[in-house]
């Protein structure tokens, strides 16, 4: 019973922190039109706000290719430079246009190990004002099962408010 209570407390704490960070991001980006500046700020502020984040950043749809992501602003160790739609967790999010919540990246078919220390991951598609896919936000943790529905839901909200 104590473990369930601790899980609820952690979830409530995480909810509250995401609400704070979302408001902070909105305040900082108010009036900033540049997409790269917006992505860099979101990656920076999220990475600084959560201990379970190991790598935080964007993979941007390459307009020259259309079906490939190229690394964008991020915080962490070296990221993969390019990822084809449908390949790995980021490519799956791009191809399906759905959030990917992966508790064990090593069990994900076709996982791309940009950094072997990554253990779990959440990847959220980023849509522009016209509804077109412009990027994915990739957040990795070096802890297994570090992300849950709270992370996915808040990241979706933050991205919709920031880029949608």
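The values are calculated or read from the model by the stated rules, or taken from the named source; none is laboratory data. Computed from a predicted model, the values in this text were never measured in an experiment. Reconstructed Cβ throughout: ideal geometry from the backbone, glycine too, with neighbour counts over all protein chains shown.
Identify the single condition in (1) at pLDDT below 95; (2) farther than 20 Å from residue 155 by Cα; (3) touching a helix residue (DSSP H, G or I) at 6+ places or on another chain (Cβ under 7 Å) that residue 14 does not satisfy, given that it satisfies every other one.
(2)
Residue 91 - would you say it is farther than 17 Å from residue 51 by Cβ, touching a residue at least 12 places away in the same chain (Cβ under 8 Å), surrounded by fewer than 16 Cβ atoms within 10 Å (Cβ to Cβ) and in contact with a strand residue (DSSP E or B) (Cβ under 8 Å, 6 or more places away or on another chain)?
Spelling it out, it is not the case that residue 91 is farther than 17 Å from residue 51 by Cβ, touching a residue at least 12 places away in the same chain (Cβ under 8 Å), surrounded by fewer than 16 Cβ atoms within 10 Å (Cβ to Cβ) and in contact with a strand residue (DSSP E or B) (Cβ under 8 Å, 6 or more places away or on another chain).
Here's a check for you: in the range 17-54, which residue that is touching a strand residue (DSSP E or B) at 6+ places or on another chain (Cβ under 7 Å), surrounded by 17 or more Cβ atoms within 10 Å (Cβ to Cβ) and not in a helix (DSSP H, G or I) is modelled with the lowest pLDDT?
54
Collect the residues in the range 98-114 that are part of a loop (DSSP other than H, G, I, E, B) and surrounded by 15 or more Cβ atoms within 10 Å (Cβ to Cβ), keeping them in residue-number order.
Across the range 98-114, the qualifying residues are 99, 103, 108, 111, 112, 114.
Out of (1) modelled with pLDDT of 95 or more; (2) over 30 Å from residue 84 (Cα atoms); (3) part of a helix (DSSP H, G or I), what's the single condition that is false for residue 8?
(1)
Taking the stated definitions as given, is residue 133 within 30 Å of residue 33 (Cβ to Cβ) and at pLDDT below 95?
no
I'd like the residue in the range 115-164 that is buried (at least 20 other Cβ atoms within 10 Å of the Cβ) and assigned to a loop (DSSP other than H, G, I, E, B) and, out of all such residues, is nearest to the chain's Cα centre (by Cα).
Here the answer is 147.
Looking at this structure, is residue 76 on the phi > 0 side of the Ramachandran plot and in contact (Cβ under 8 Å) with a residue 24 or more places away in the chain?
Criteria met by residue 76.
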